[in-house]
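Below is one structure; the comments refer to it alone.
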Amino acid sequence: MESSRARRSRLARPSRRRPLLASALACAAFVGATAAGTVYVKAQAHSGSGAASSAASSPSPSPSADAEASVEPVADPVVDHDALLAEAMKAVTVEDGAEVSVEVLASDSGASASYGDGTFDTASIVKVDILAALLLQAQDADRHLTATEKSYATAMIENSDNVSASALWRAIGKAEGLDAANERFGLTDTEGGDDMLWGLTRTTAADQLTLLRQVFGDDSELSESSRAYLRGLMGRIAVDQRWGVSAAADGSAWALKNGWLARSATGLWDVNSIGRVTVDGHDYLVATLSHGNTTMEKGITLVEAAAKAAVGVFAEESASGAASASPSVSASASVSASASVSASASVPASASVPASPSVSASPRSPMSASVYG
């Protein structure tokens with residue numbers, strides 16, 4: 001049995017547990033103070049004068065037992081890319097009577113921006129659509145393009161040859177065939193030109209961006225081999241036609257198709273450019289359309305300035321590390337613009353296309369009463 005003296009001696013000795021408890025509480029307070037930098041803690045104190053006096057008398061108050069802690073996430077700022085593009089376009093010179101429309105898609109994030117909503121003549125950018133329709137029809141028939149079709153396709157895209165375009169326009173069924181393919185591609189405001197006037201197909205920049213997504217994106221009606229073939233041709237445009245959206249690219253990191261048309265009734269020019277450009281390792285799909293230009297050169301200057309403004313909206317954002325819009329389907333960059341795809345000539349050339357014409361390298365061969373390119 002413990003004596004009263006021994007018990008008093010034991011009670012008089014300081015406890016070793018209290019310093020340990022104090023150290024633990026100090027650590028907890030330090031961790032809590034650090035966490036407060038990122039987490040908002042809402043402490044709900046008991047009501048009453050007792051709580052108030054306790055808080056006043058305590059030099060380092062601790063949260064009450066029933067304190068409620070909640071995390072308030074900080075949302076990414078909403079970026080209005082259309083507004084940014086509209087602001088950038090204020091620096092672009094547009095002639096009196098001319099009109100321009102531009103669409104851009106940042107492939108990494110799926111964010112896009114648009115400016116202008118008019119309808120335009122396609123001129124020769126429709127050649128991408130014509131070849132896409134031909135490739136889709138060939139897929140449906142489970143066949144490859146013939147050697148003759150490939151000859152036409154190469155001249156039509158790389159050199160913007162009009163004789164070749166007319167041959168393939170007939171092959172797809174003219175406007176009816178183009179419109180049927182575009183319905184599957186998701187183009188809602190594009191209408192094929194009358195009879196052989198493929199260059200007077202009407203379209204919007206938004207529809208042309210949709211077409212580019214069919215060519216460069218993964219979610220497409222076109223097979224990978226068809227997309228790669230078309231991308232390859234767009235990456236080997238003739239030297240004298242390497243203008244337009246390519247002005248916004250890093251060096252030769254582009255794949256494009258341009259179109260130009262002098263209207264016989266007014267003498268004014270339609271000048272358009274569509275394609276993919278790469279800037280600082282980021283891919284952008286760009287469609288810029290214009291009409292009412294007094295010269296072809298002024299039209300080229302306009303579409304190039306519009307393309308630079310459109311890409312600049314996202315290029316600056318990527319460089320600064322700003323948050324982008326919520327991602328969607330990204331455009332594939334898996335195939336180099338300069339890639340070529342071999343084709344089988346398993347179907348006789350006479351199946352759908354007349355004999356190959358002699359192809360002129362000139363980008364401005366006459367068609368009807370207008371100049372197409």
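Every number here is computed from the coordinates shown, using simple stated rules; none is lab data. What you are looking at is a predicted structure, and each value in this text was computed from that prediction instead of being measured. Using ideal geometry, Cβ is built from the backbone for each residue, glycine included, and neighbour counts are taken over all protein chains shown.
Here are the numbers:
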| quantity | calculated |
| --- | --- |
| Local electrostatic count at R202 - Lys and Arg +1, Asp and Glu -1, tallied over other residues with Cβ under 10 Å | -4 |
| Full-extension gain in nm, R170 to E221, via 0.36 nm per residue minus C-alpha separation | 16.2 nm |
| Peptides 125-131, 186-192 ordered by average Cβ neighbours within 10 Å, highest first | 125-131, 186-192 |
| Ranked packing of 95-108, 268-281, most packed first, by mean Cβ within 10 Å | 268-281, 95-108 |
| Per residue convex hull volume, Cα atoms of the stretch 198-278, in Å³ | 117 Å³ |
| Filter on K174/K257; K127/K298; K174/K298; K90/K257; K257/K298; K90/K174 - keep pairs with C-alpha separation over 29 Å | K174/K298; K90/K174 |
